[in-house]
Amino acid sequence: MGALTLTGVTKSFGTVNVIKGVDLTVQEGEFCVFVGPSGCGKSTLLRIIAGLEDATAGEVAINGRRVNEVAPARREIAMVFQSYALYPHLTVRDNMGLALKQAGVARADITASVDRAADMLALGPLLDRRPAELSGGQRQRVAIGRAIVRRPRLFLFDEPLSNLDAALRVATRIEIARLHRQLGATMIYVTHDQIEAMTLADRIVVLRAGKVEQVGAPMELYNNPVNTFVAGFIGSPQMNFLKAGALGMRSDTMGVRPEHIALSRDSGQIAGTVSHVEKLGGETLVYVNTPTQGLLTVRLFGEHDYAVDETAYLTPDPARAFHFDADGLRLRQGG
Amino acid sequence: MAQARISAGRSIAAHAVLITYTLIALFPVFVILINSFKSRKAIFAEPLALPTRETFDLIGYTTVLKQGDFFGYFQNSMIVTVASLFFVLLFGAMAAFALSEYRFRGNLLTGLYLALGIMIPIRLGTVAILELMVASGLVNTLMALILVYTAQGLPLAVFILSEFMKQVSDDLKNAGRVDGLSEYTIFFRLVLPLVRPAMATVAVFTMIPIWNDLWFPLILAPAESVKTITLGSQVFIGQFVTNWNAVLAALSLAILPVLVLYLIFSRQLIRGITAGAVK
């Protein structure tokens, strides 16, 4: 029994099946990230957990209690939305205290809870402002503060960083990770950004087209993906998929991460021409067009000078390569 | 702001068009106002002339205020307009919220059915409405007019408001649900304030035809005690002789309350508090 248990949850809109049977257990205090491409049903799944959508079939249980028929407000959850969703007519303090006020908590307790949450997020000076007077980053901090005030059993985050700019996104990401350590609460976090997933999660749930593809710790997914979808989704830049037959292997597809390919000007397994080079300072990404394998990405650490149209040779590290069958399923060693 | 990029020439042209339109629209009002302060002879001699020391005459206003219960008519019109407006906005907004917010079987059909009223004039049903009012004993009451005008105003209200309510952020309503607000609180406290400009638009569109209507007051409530101002002014228009002074004075006075209501709503049109709510 965990903080959240999903058993055979499905969701259909008319004849369209959006969630095709999800079983999942999230442990107490765990930071669980749902990740997948747009339209994979991750947000719908979160809304089912929140009670904003009804599951067509299956059971949702929070702390061992079936909550399918329980209203969102009584599920002991708090949700942070992508668009912040602050009440425009209320001050920051009232925004954060509204849920407690609705629950009939005494005024002094509400003030104490709001002040405690405001301290945690450095929102003190903003408490008397209205949402319109805040910047995007401040609004999202208020939205997170509103969630903290309720002391929920379960925090739900629906792509909370998508509307923020890059620098703010990193800062808020660190803030959320710090809050998770500080509060020790169970958190479910939806994102399409695999970097957010990798950096925040204790456990990642990779979803595709309404189905769970793989569940595991970030490094487990990185080092041990079950199929080409997970292998391609986790890791940036994306894994290279090579036609294994052309390299004299028995498997159908060989996946090699860009950091596991050696690049040389003189000799190597696959010949090609450099089509583009991205220098990021700490690392250099070289895109090589090969006649047999198409465009491959190589990630080199440090600065490297490759010129466009230069001939280059690639050698995948066989020990770090993944093998997949024709259906994209991973072939294990010796299997 | 994009305004900075619009050249002066374009701006002048746009203003010229708008000013011309304003003048055309205001001209009849202006003619009514100046003539209401002139003697009968002067009205016919030079209808477009401003009242001078010789032609200035308040006979129209004194006639109106002496003859008939003009303030009573005024009050009736106010009651009917404000009450109808209240019900149109309340029920229209509620129906629009249900149509835009909840998925249920027949949602689209219900919406279309409600919108049908925009295309079919309610006056086609006058005979049936009269029979209904006679049967329910509502003839010669203000309630009859309020009911009919509420029905008349609802289709457009539902149509416009449901479009606007679809634009209110789902996240905001869901945040309210997670925070334990009831659907009624979400409707009254979160959604209504955000569609206030649309409500004001609907109010203006609903109010003017009700205030100006002659048809239903004449048929459903012609009794002296429940006459509206438009019907009351008709006593000065005879088959053979029309007391133009009185008619123009009555019309001038009738503009005032509607102008006040319009000013109240138009301020709402401009004010937007959505900024900063989401994104």
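The values are calculated or read from the model by the stated rules, or taken from the named source; none is laboratory data. Here the structure is a predicted model, which is why all the values come from computation and not from measurement. Cβ atoms come from the backbone with ideal geometry, glycine included; neighbour counts cover every protein chain shown.
Within the range A:106-140, being at the interface with chain B (Cβ under 10 Å from one of its Cβ atoms) and of a type in the set (A, V, I, L, M, F, W, C) holds for A:A132, A:L134.
Evaluate the following for A:A55: is it farther than 21 Å from A:A185 by Cα, touching a residue at least 12 places away in the same chain (Cβ under 8 Å) and either buried (at least 20 other Cβ atoms within 10 Å of the Cβ) or facing another protein chain (nearest Cβ under 9 Å) (or both)? Working first, answer last.
Values: farther than 21 Å from A:A185 by Cα: yes; touching a residue at least 12 places away in the same chain (Cβ under 8 Å): yes; either buried (at least 20 other Cβ atoms within 10 Å of the Cβ) or facing another protein chain (nearest Cβ under 9 Å) (or both): yes.
For A:A55, the condition - farther than 21 Å from A:A185 by Cα, touching a residue at least 12 places away in the same chain (Cβ under 8 Å) and either buried (at least 20 other Cβ atoms within 10 Å of the Cβ) or facing another protein chain (nearest Cβ under 9 Å) (or both) - is met.
Within the range A:154-172, restricting attention to residues that are in contact (Cβ under 8 Å) with a residue 40 or more places away in the chain and out of contact with any strand residue (DSSP E or B) (no Cβ under 6 Å at 6 or more places or on another chain), the residue that is surrounded by the most Cβ atoms within 10 Å (Cβ to Cβ) is A:N163.
Counting only strands (runs of 3 or more DSSP E) wholly contained in the range A:269-332, the ones carrying 1 or more residues that are more than 19 Å from A:Y222 (Cα to Cα) and either at pLDDT 90 or above or under 26 Å from the mean Cα position of the chain (by Cα) (or both) occupy A:270-279, A:283-290, A:294-301, A:311-316.
Across the range B:216-268, what is the total count of residues that are assigned to a helix (DSSP H, G or I) and farther than 29 Å from B:P51 by Cα? Quick ask: steps written out before the conclusion?
Filtering the range B:216-268 for residues assigned to a helix (DSSP H, G or I) gives B:216-220, B:224-226, B:229-236, B:244-268.
Right, trim to farther than 29 Å from B:P51 by Cα and you get B:216-220, B:224-226, B:264-268.
Number satisfying all stated conditions: 13.
Where in the range B:116-197 are there helices (runs of 4 or more DSSP H), lying wholly inside it, with at least 2 residues that are of a type outside the set (G, A, S), away from chain A (no Cβ under 14 Å) and more than 23 Å from the chain's Cα centre (by Cα)? Quick ask: steps written out before the conclusion?
On the way: elements: B:126-135, B:142-166, B:170-178.
Filter on the range B:116-197 gives B:126-135.
Among the residues of the range B:113-142, those identified as buried (at least 18 other Cβ atoms within 10 Å of the Cβ) and closer than 21 Å to B:K227 by Cβ are B:I129, B:M133, B:L138, B:L142.
Could you grab me the full set of residues in the range A:238-252 that are surrounded by fewer than 21 Cβ atoms within 10 Å (Cβ to Cβ) and either of a type in the set (F, W, Y) or at pLDDT 90 or above (or both)?
Initially, the range A:238-252 is screened for residues surrounded by fewer than 21 Cβ atoms within 10 Å (Cβ to Cβ), giving A:238, A:241, A:243-252.
Correct list: A:Q238, A:F241.
Against the test of being surrounded by 24 or more Cβ atoms within 10 Å (Cβ to Cβ), more than 14 Å from every other protein chain (Cβ to nearest Cβ) and either touching a residue at least 40 places away in the same chain (Cβ under 8 Å) or touching a Pro at 6+ places or on another chain (Cβ under 9 Å) (or both), the options A:T186, A:T199 yield a single qualifying residue, A:T186. For the range A:114-135, the set of residues classified as surrounded by 13 or more Cβ atoms within 10 Å (Cβ to Cβ), touching a residue at least 24 places away in the same chain (Cβ under 8 Å) and over 19 Å from A:H180 (Cβ atoms) consists of A:V114, A:L126, A:L127, A:R129, A:R130, A:P131, A:A132, A:L134, listed by residue number.
Table: residues versus (1) at pLDDT 95 or above; (2) of a type outside the set (V, I, T); (3) farther than 30 Å from A:G232 by Cβ.
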position: A:M1; (1), (2), (3): no, yes, yes
position: A:L24; (1), (2), (3): no, yes, no
position: A:I62; (1), (2), (3): no, no, yes
position: A:R65; (1), (2), (3): no, yes, yes
position: A:F81; (1), (2), (3): no, yes, no
position: A:L100; (1), (2), (3): no, yes, yes
position: A:A117; (1), (2), (3): no, yes, yes
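Return a yes/no flag: does the range A:175-183 have any residue that is surrounded by 16 or more Cβ atoms within 10 Å (Cβ to Cβ), among the charged types (D, E, K, R), at pLDDT below 95 and farther than 29 Å from A:K11 by Cβ. Yes. Residue check: B:T206 meets all listed conditions (1) over 30 Å from B:K66 (Cα atoms); (2) among the polar types (S, T, N, Q); (3) modelled with pLDDT under 85 but one, namely (3).
Give the number of residues within the range A:177-203 that are part of a helix (DSSP H, G or I) and closer than 19 Å to A:S43 by Cα.
Just the residues of the range A:177-203 that are part of a helix (DSSP H, G or I), to begin with: A:177-183, A:194-200.
Okay, now just the ones that are also closer than 19 Å to A:S43 by Cα, so A:194-198, A:200.
The qualifying residues number 6.
Matching residues to (1) surrounded by fewer than 19 Cβ atoms within 10 Å (Cβ to Cβ); (2) more than 30 Å from A:A217 (Cβ to Cβ); (3) more than 8 Å from every other protein chain (Cβ to nearest Cβ):
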site	(1), (2), (3)
A:G14	yes, yes, yes
A:V18	no, no, yes
A:I48	no, no, yes
A:V67	no, no, yes
A:M79	no, no, no
A:M96	no, yes, yes
A:A99	no, yes, no
A:G104	yes, yes, yes
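Could you grab me the full set of residues in the range A:204-214 that are surrounded by 18 or more Cβ atoms within 10 Å (Cβ to Cβ) and part of a strand (DSSP E or B)? Walk me through it before giving the result.
Taking the range A:204-214 and keeping what is surrounded by 18 or more Cβ atoms within 10 Å (Cβ to Cβ), we get A:204-208, A:210, A:212-214.
The answer is A:I204, A:V205, A:V206, A:L207, A:R208, A:V212, A:E213, A:Q214.
Going through (1) more than 29 Å from the chain's Cα centre (by Cα); (2) of a type outside the set (F, W, Y); (3) farther than 21 Å from B:T185 by Cβ one by one, A:L100 falls short only on (3).
Could we say that A:A143 is in contact with a strand residue (DSSP E or B) (Cβ under 8 Å, 6 or more places away or on another chain) and part of a helix (DSSP H, G or I) here? Walk me through how you get there before you give the answer.
Working: in contact with a strand residue (DSSP E or B) (Cβ under 8 Å, 6 or more places away or on another chain): yes; part of a helix (DSSP H, G or I): yes.
Yes.
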